[in-house]
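Here is the structure we will look at, set down as structure tokens.
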Amino acid sequence: MGKLTNQVALVTGSGSGLGRGIAMKLASEGATVVIADLREGPAQETLHLIEQAGGKGIAVQVDVSNPEAVKNAIETVVSQLGQLDILVNNAGAPMSFTPVEEVSEELWDLMMDVNAKGPFLTSKYAVPYMKKNGKGSIINISSIASRRVRPGLSAYCASKGAVILLTEALAIELANSKVRVNAINPGPAETPMLPKFFASMDPVEGRKLYEESVPLGRLCQPEDIANMVAYLASEEASFITGATFNVDGGRGL
Ligand SMILES: NC(=O)c1ccc[n+]([C@@H]2O[C@H](COP(=O)([O-])OP(=O)(O)OC[C@H]3O[C@@H](n4cnc5c(N)ncnc54)[C@H](O)[C@@H]3O)[C@@H](O)[C@H]2O)c1
């Protein structure tokens, strides 16, 4: 028996990187996992990996910044699986280092739409089902860039800062309904997203720069975040809400 047996967990952006690691961990703990991603192929690949390991899930194509698509996806999940207990808002869009005077409105809007509006929309449509069940756990993947800002990442940092305040605001609003809301700030992580932050640099140099910025001396791995998500989703964390955890090897210090 895993610690999430009989739970249904929806993980956005789980076709890749941290989201894939989170989906696989939750499945290994017994949850039925909804792999929700903009890209259908990678979502199916994650589902295949979960099934190969003996887990259960379904794949759903969704753009988290599109209200209709999010509403439909959540309704489909509840009609197929009967419940929604855990929501992990992990889908995200990066930006490469860009001086503020060169940040286009399109880039600003993309950061806000995917990174900040996405978690709002999924919560908006998932919360009614969680309230009805009398419990739920929402886990938002922000970034250590929300607390230790770096130059050239203005729109990304602002969008991730919004996630932290959304987490706290929903935690207080939903506490009476026993829906817990927490956030995780990953440090620089070994995923396909990482090189997009330093797209203007030599890739080897860029990776080295990020690795050396972590006091514990290595990049974050999907398992580091997945372990914290599994804990926050479980009954072991039943007294934790409104909290943000840095899983960053000390990068935020
Ligand atoms: N990689 C890092 O260094 C790092 C550090 C801190 C925080 N994060 C955050 O962790 C999360 C996961 O990042 P990752 O590194 O695994 O990235 P990744 O690029 O490997 O995966 C992101 C996934 O999100 C999906 N996605 C993008 N836009 C979407 C949309 N509109 N709707 C649905 N799905 C969408 C992509 O298709 C992709 O599968 C992101 O929120 C990111 O900001 C990453």
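When you scan the stretch 24-32, do you find a residue that is open to solvent by 50 Å² or more (accessible area, probe 1.4 Å), within 10 Å of residue 14 (Cβ to Cβ) and touching a residue at least 12 places away in the same chain (Cβ under 8 Å), even just one?
Checking the stretch 24-32: at least one residue is open to solvent by 50 Å² or more (accessible area, probe 1.4 Å), within 10 Å of residue 14 (Cβ to Cβ) and touching a residue at least 12 places away in the same chain (Cβ under 8 Å).
What are the residues in the stretch 207-253 that are without any contact (Cβ under 8 Å) to a residue 12 or more places away in the chain and surrounded by 15 or more Cβ atoms within 10 Å (Cβ to Cβ), if any?
Of the stretch 207-253, the ones without any contact (Cβ under 8 Å) to a residue 12 or more places away in the chain are 208-209, 212, 231, 239.
Answer for the stretch 207-253, where residues must be without any contact (Cβ under 8 Å) to a residue 12 or more places away in the chain and surrounded by 15 or more Cβ atoms within 10 Å (Cβ to Cβ): just 231.
Wholly within the stretch 171-253, which helices (runs of 4 or more DSSP H) include no fewer than the required count, namely at least 2 residues that are more than 11 Å from the ligand (Cβ to nearest atom) and closer than 18 Å to residue 150 by Cβ?
Counting at least 2 such residues, we get 203-212.
Read through the list (1) open to solvent by less than 10 Å² (accessible area, probe 1.4 Å); (2) in contact with a helix residue (DSSP H, G or I) (Cβ under 7 Å, 6 or more places away or on another chain); (3) part of a helix (DSSP H, G or I), then give the number of the only condition that residue 162 fails.
(1)
Would you say residue 170 is closer than 23 Å to residue 114 by Cα, among the hydrophobic types (A, V, I, L, M, F, W, C) and open to solvent by 30 Å² or more (accessible area, probe 1.4 Å)?
Criteria not met by residue 170.
For residues in the stretch 35-57 being of a type in the set (A, V, I, L, M, F, W, C) and surrounded by fewer than 18 Cβ atoms within 10 Å (Cβ to Cβ), which is farthest from the chain's Cα centre (by Cα)? Before you say what the answer is, go through the steps one by one.
Keep residues of the stretch 35-57 that are of a type in the set (A, V, I, L, M, F, W, C), which gives 35-36, 38, 43, 47, 49-50, 53.
After this cut, where a residue has to be surrounded by fewer than 18 Cβ atoms within 10 Å (Cβ to Cβ) as well, the list is 49, 53.
Working: 49: 19, 53: 22 Å.
Result: 53.
Can you report the number of residues in the stretch 14-72 which are among the basic types (Lys, Arg) and more than 9 Å from the ligand (Cβ to nearest atom)?
3
Only one residue in 88, 103, 60 is in contact with a Ser or Thr (Cβ under 8 Å, 6 or more places away or on another chain) and buried (at least 24 other Cβ atoms within 10 Å of the Cβ). Which one?
From the options 88, 103, 60, the qualifying one is 88.
Kindly indicate the residue of the stretch 144-157 that is under 22 Å from residue 104 (Cα atoms) and open to solvent by less than 40 Å² (accessible area, probe 1.4 Å) and also farthest from the ligand (Cβ to nearest atom) among those meeting that condition. Give the steps one after another, and end with the answer.
First, pick out the residues of the stretch 144-157 that are under 22 Å from residue 104 (Cα atoms): 145-146, 149-157.
With open to solvent by less than 40 Å² (accessible area, probe 1.4 Å) added as a condition, the list becomes 145-146, 152-153, 155-157.
On the way: 145: 7, 146: 9, 152: 15, 153: 11, 155: 12, 156: 7, 157: 11 Å.
Per the stated criteria, the residue is 152.
Give the number of residues within the stretch 106-116 that are open to solvent by less than 30 Å² (accessible area, probe 1.4 Å) and of a type in the set (A, V, I, L, M, F, W, C).
Adding up the residues that qualify gives 3.
The values are calculated or read from the model by the stated rules, or taken from the named source; none is laboratory data. Predicted model only: the values in this text are computed from it and were never measured. In this analysis, Cβ positions are derived from the backbone assuming ideal geometry, glycine residues included, and neighbour counts consider all displayed protein chains. Note: areas computed on protein heavy atoms with side chains; ligands, DNA, RNA excluded. Shrake-Rupley method; radii C 1.70, N 1.55, O 1.52, S 1.80 Å.
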